[in-house]
Each structure stands twice: as C-alpha cells, then as structure tokens.
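Below is one structure, written out as structure tokens, with a few remarks after it.
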Amino acid sequence: MRKRLSGLGLVLALLCPLLVAQPASVVFIPKGTSYVFWKEMARGAEQAASEQGLRLIWRGPALENDAVSQGKLIVAYSSRGIGGMIVAPNASAELQAPLQGAGQAGSKLVIVDSPLQPSLGLPYVGTNNHAAGELAADYAANLKPPPRKVLLLRFSVKHDSTRQREDAFRDRLRQRLPHVQISEVADTGITMTDSRSKALEYLARVPDADLVFTPNESTTEGTLQALQQRGLAGRVRHIGFDYTPRIDNALLHGQLQATVLQNPYQMGARAVAVMQQLLVGKPVPATSYIPVTLVTRQSLAQPAVAAQVRPFLGYVQR
C-alpha cells in the first residue's frame, strides 16, 4: 500500500506544474507597426502585461491602410479561443463584422487609439481627438500675425481618429478666425513619402499659404520634408501631431511651430489594464481618455515636457 501511495504522490508531483493556471493570452492588433507611435504603444502594453501576468501577443499590419489584414487577424485569433483582443481599427466599416464575431465567440474586446463607429458598446482608450484638434486650432489662432491661408492635409478618410482631429481643427479655427481661408487636402496617403508628395503638390497650388496643419506622425514628417525641399521650412508655419527625432529636430530649429504630443505608451498600458479588468469580470469605463500636450520649442525647456518627449528620442529615425 505504501508503494502505491508513494507512486501516486510522484504522479501528483509531476502533474502539479501542469495544473498551475497559465497566464491569460491577449492579442494586441495595432493599425500598423512601422511608426514610432506604435512602437511606444507596444512598449507600454508589454510593460503593463508583464506587471499584470498576462501573455501579450503583438500582431499588426505594416501599414495603416490594411483593414483586411486586421480583420483576418481578428477572425484567426477568435477561432483559437483567445481571451481578449485590443484593436486599433484601420477602418470602422470593414471591422464591424469581425469584431462582432469575436465578441460572440467569447473574446473580450477593447478599442484603442481610433474610436470605432458605431462603437458596438466596446470600451475605448485613446486621445480625445476632438479636443486635441481644438487645442491645435487655438494655438494657431493666437499666432502673430494670425494665419490667413491654411493648408489642412488630411490623413485617411477611413481613420476616425485623424478625421476627428482634422474636423475639430478646421471648425475651431473658423470660429476663432472667421475670415481664414482653409484648403483641405483629402487622403494624403498612408506613408511619409505619400504625404511629402501631396504636400509638395499643394504647396505649389497654394503658394501664399502661411500655415499647414498635419494630424499624425506620417503627415507631419512628410510635410516637414516637403517644406525643407522647397526652402519653406520655418517660413510657412506648421503645426503637427505626434513625436519623433525628426519632429524634435524641426521644433528645435524653428521649422515646426508646435506639435500635439500624444501618449501612446500610456494608451497601450491603459488598454491592457482595461482588458485585465474585463477578463476578471469587473466593470470598466466606456471611455478612457489619455491626455495630450502641446509642445513648442519654448516648452521643451520645461523639465516636465522634456521628460515626456525623451522616450521618443531613443528611436532610430527612418
């Protein structure tokens, strides 16, 4: 009998490690993976997942116009019974059905960066894009002399985040400066190269523009290159979005008047925290806004602002 008991004990001892609960798996599907913005978001998400004992899978398309690949990833991970998905949607319409299917299959869902329209009742973590666009417009309206002709370079009609910023900037600037002329450039393209080409085209069409507004990393960097190429950097005022070494250098040299600094690290970390709450059955807020900061060359001298931009400066510039 003793031998039998000791044999049973040995079996249990061998099985015990297998019986320990494995960390819950969460897949994070960003809009893209190429830009500094997404790399910072990944860093925040991975840090939060490590602290909360979650297994994080970071998978997304290279470019921010590939909603088809995002939809396929959602379907694939849903079929594997993934516990949770955090998605930054490239296009609301194309992702409605895959997200609904994932929810019906039992996956917990969180939307990050770009609000889903309609929301499907899913929690959102990201910038208050309307308020951020108004922040940029208020800064523009207070420039001396005030802008008369403005180029608004829109990113992509399918991206709700940038569209909200663009609309809010336009509407607020017209409210503050009723006589301002705004030329809107639709769909400048997904890449920095696309944005540079479109900016060059419209700078030639509107040679007396005295302000350009760009709503994200690729449009801001592409437009900076276009202004530099035409010898207009610093002469045509420019307000952008996001942060990279190139954007930092432009601010320091007076080629960019201001940029709206989002906090993708905190977006990633907060999205994972919301997911953790969902996985354990706790209620979560419908919306979690992550604050932004308007950065200028002058404000970079402030220790708090310098600390916010520092993480972005460690990336190798493309």
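So the values come out like this:
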{"item": "Selection from G126, Y139, V112, by position along the positive dipole direction of segment 107-156 (Cβ)", "result": "Y139"}
{"item": "Which of K31, K158, K72 has the fewest Cβ neighbours within 10 Å, and the rest in rising order", "result": "K72, K158, K31"}
{"item": "Helical segments meeting 15 Å axial Cα length and Kyte-Doolittle -0.5 threshold in the chain (DSSP H)", "result": "2-19, 67-79, 92-104, 129-141, 264-279"}
{"item": "Segment 124-187, dipole about Cα centre (Lys/Arg Cβ +1, Asp/Glu Cβ -1), debye to the nearest 20", "result": "260"}
{"item": "Dimensions (Å) - segment 177-290, Cα atoms, principal axes, largest first", "result": "57, 32, 26"}
{"item": "CD proxy at 222 nm, helix term only [per DSSP H run n ≥ 4: -39500 (n - 2.57); per residue of the chain; nearest 500]", "result": "-15000 deg cm²/dmol"}
{"item": "Proxy reagent accessibility, fewest Cβ within 10 Å first, across R246, R174, R55", "result": "R55, R174, R246"}
{"item": "Residues V236, V316, V309, sorted so that the one with the fewest Cβ neighbours within 10 Å comes first", "result": "V316, V309, V236"}
{"item": "With eigenvalues of the C-alpha gyration tensor scaled by 5 and rooted, segment 23-93, Å", "result": "20, 17, 7"}
{"item": "Length released on extending from H179 to Y315, taking residue separation times 0.36 nm less the Cα-Cα span", "result": "44.9 nm"}
{"item": "Inter-label distance, nm, simple model (7 Å from Cα along the C-beta direction), V68/A141", "result": "4.3"}
{"item": "Segment 83-133: equivalent-ellipsoid semi-axes (sqrt of 5 x gyration tensor eigenvalues, Cα, Å)", "result": "21, 12, 8"}
{"item": "Among L252, L95, L173: highest mean-square fluctuation, GNM of the chain, C-alpha pairs under 10 Å", "result": "L252"}
{"item": "Compactness of segment 103-218 - radius of gyration and Dmax, Cα, Å", "result": "16.4, 57"}
{"item": "Test item: Cα-centred dipole of the chain, Lys/Arg +1 and Asp/Glu -1 on Cβ, debye", "result": "700"}
{"item": "Total formal charge among the other residues, if their Cβ is under 15 angstrom from that of L278, Lys/Arg +1 and Asp/Glu -1", "result": "+3"}
{"item": "Counting DSSP beta bridges with both ends in the chain, the antiparallel % (nearest 5)", "result": "10"}
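No value in this document is a laboratory result; all are computed from the given coordinates. Just so we're clear, the structure is a prediction, and the values are computed from it rather than from any experiment. Note that we place each Cβ from the backbone using ideal geometry, even for glycine, and neighbour counts take in every protein chain shown.
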